[in-house]
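The values are calculated or read from the model by the stated rules, or taken from the named source; none is laboratory data. Bear in mind that the values here come from a model prediction, so they are computed numbers and not experimental data. All Cβ positions, glycine included, derive from the backbone under ideal geometry; neighbour counts span all protein chains shown. All accessible areas refer to the heavy atoms of the entire protein, side chains included, with ligands and DNA or RNA removed. Shrake-Rupley method; radii C 1.70, N 1.55, O 1.52, S 1.80 Å.
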Amino acid sequence: MAEQTKRVYGLQFWLLCLSSFLFFSSFNMIIPELPDYLASLGGEEYKGLIIALFALTAGLSRPFSGKLADRIGRVPVMVVGGVVCVLAGFLYPLVASVGAFLLLRFVHGFSTGFTPTGKSAYVADLVPVERRGEAMGLLGLSGSLGMAAGPALGGLLASVYTADVMFYTSSAAAFLSVAVIWHMQETVERPQKFSLGLLRISRREVLEPRVLAPSLVMLLTSFSFGTILTIIPDFSTHLGIQNKGLFFTSFTLSSLAIRFLAGRASDKYGRVAVLRVSSALLTLAMLVIGLVATDTGLLLAGVLFGVATGMNSPTIYAWTIDLSHLEHRGRAMATMYIALEAGIGFGALGSGWLYGNQSSNFSLVFWASGVFSLLAFLYLVLVVRREKEV
């Protein structure tokens, strides 16, 4: 047992967690301030595209990152995503038009199309099946810490200094995330050298059929997350919250407390059992957010949302790995992440359209998003009666 613990939670694992913290801090740092930044460029009506374009590129790049992670290795794929974040942070202060801003958001999405795919596959290579949910919970915990620290720090930097300082700090965090993993030991036994031929993707390499069930659950539950990312900054302003990153900090901190426990619970009681609870809580959270009318109420609702998402993500990651084949683990994780980005993208577009910059539509937007997590709950209860084991 001691040897197993060392193998799972050795130096390589903790370096990966540190890099994950810095990476998620980087691109989440700027999210709460982007709607106002786009509005200052004259693109207020395009707020839904801030998240949607980012998610679109991430989704489109997943088949490539999954294949490359299986062929050239996990570490190079993680590095590519981090480098994109470094460059994006420096370029945001230079954009002077709505079109240039949206193009940069599209390019920035390559970061999450690559780095999380490599990280998840890397952890899966290190972790035995009986510790998988726990390890994914710890990796998610490090990312959540970044998601909590990033928006709060970004909001502070933008208000005390300028948005440009926030962007440069985001770039610096991404640079550090790359530096941490630069010399990490590769877990693919015989990695290939990169060649342009590896970028040719056949239809069978786009999706991994073994993991369609967890991917569908991810698609339905991530719709709410796309809504939160898009609408909460304006909703926070509507409720008189000056720092628009506080809600993100609230729900992320609450997810920290539950991720590790949820991962262990899924190892013990099963992935589906935990996901039934998390999807039900997510539905309740969206209902509550649509009802709140005070700043305190919103932050408390964020706690409930964080508990739901904290249970949901590591459990779906572990379930995906359970069902994946060792040689196609990168493709399996890419398939699940495609579903994640599709859910976030559709949630961002749909909520932005339904909101229409009308404060009277806030409740309708949140409740409509909750319908999708309700569908995930019904699917898990009525369709997924037992978990397949590979």
- Per-residue HN-Hα couplings for the range 112-124, Karplus 6.51 cos²θ - 1.76 cosθ + 1.60 at θ = phi - 60°, whole Hz, x for Gly and Pro? 7, x, 10, 4, x, 4, x, 5, 5, 5, 4, 5, 4
- Message: Taking R0 as 51 Å, what FRET efficiency do you get between residue 186 and residue 367 from their Cβ-Cβ distance, rounded to the nearest 0.05?
- Response: 0.65
- Task: Just the number, please: Stokes-Einstein D of the range 1-152 in µm²/s, Kirkwood Rh from C-alpha pairs, 25 °C, 0.890 mPa s.
- Result: 150 µm²/s
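Please sort 237-244, 194-201, 77-84 by packing, taking for each peptide the average over its residues of neighbouring beta carbons within 10 angstrom, highest first.
In decreasing order of mean packing, 237-244, 194-201, 77-84 become 77-84, 237-244, 194-201.
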- May I ask you to give the solvent-accessible area per residue for the chain, in square angstrom, as obtained with a 1.4 angstrom probe? 41 Å²
- Message: Using alpha carbons only, how many angstrom separate the centre of the range 314-390 from the centre of the range 241-280?
- Response: 14 Å
- Item | Whole-Hz couplings from phi, Karplus 6.51/-1.76/1.60, listed for the range 190-201; x for Gly and Pro | 10, x, 8, 7, 5, 9, 4, x, 5, 8, 7, 10
- Query: What ³J(HN,Hα) values, in whole Hz, does the Karplus curve 6.51 cos²θ - 1.76 cosθ + 1.60 give for the range 159-168 when θ = phi - 60°, with x put for Gly and Pro?
  - Reply: 7, 7, 10, 9, 4, 4, 4, 4, 5, 5
- Query: Taking the inverse of the average 1/r across all pairs of different Cα atoms in the range 134-278, what Kirkwood radius in Å do you get?
  - Reply: 18.9 Å
- In the chain, lysine pairs closer than 25 Å at Cα, eight or more apart or cross-chain: 10
- Item | Solvent-accessible area, 1.4 Å probe, carbon plus sulfur percent, for the chain | 67 percent
